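The values are calculated or read from the model by the stated rules, or taken from the named source; none is laboratory data. The model shown is predicted, which means the values in this text are computed figures rather than measured ones. So basically every Cβ, Gly included, is an ideal-geometry build from the backbone, and we count neighbours across all protein chains shown. SASA here: full protein model, heavy atoms, side chains in, ligands and nucleic acids out. Shrake-Rupley method; radii C 1.70, N 1.55, O 1.52, S 1.80 Å.
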Amino acid sequence: MTVWEIIIGIILLLLAILIIAVVLLQQGRQANLGAISGAADTFMEKGKARTVDAMLAKWTKVLVVVFMVLMLGGMLITQYLNPTAIAKRQQGGTTSTTTTTTAGSTTTTTTTAGSTTTTTTGSAE
């Protein structure tokens, strides 16, 4: 994992926790639930609750949009800015390396995008 992947992962984790907290702070949409338990709302409390709920609903939308943008950004960073992916794109394909050791001699065969390179080291006795 690159540094950017770790940073975006931590930010996404914090945003997820923040989204959960903001959603839990919002009041339910069930009307007169407080009247059943004996709690009476005054006119001022109802107005205040609506403005707080409106603000929390707005922040929920903003946080979810930021979360989704960071999620897509993290995916793009992983896909295109990862050092392994960059090396593969520069080489034009996959690389396969095979190393064989027999009787003091080492043969390394590297295959990259259709071309093969063979290197033999050691003493032939």
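Tabulated data
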quantity	calculated
Residue count for segment 73-92, restricted to those that are in contact (Cβ under 8 Å) with a residue 12 or more places away in the chain, part of a helix (DSSP H, G or I) and closer than 18 Å to V3 by Cα	5
Subset tally (residues that are among the small types (G, A, S), modelled with pLDDT of 70 or more and open to solvent by 60 Å² or more (accessible area, probe 1.4 Å)) for segment 1-53	1
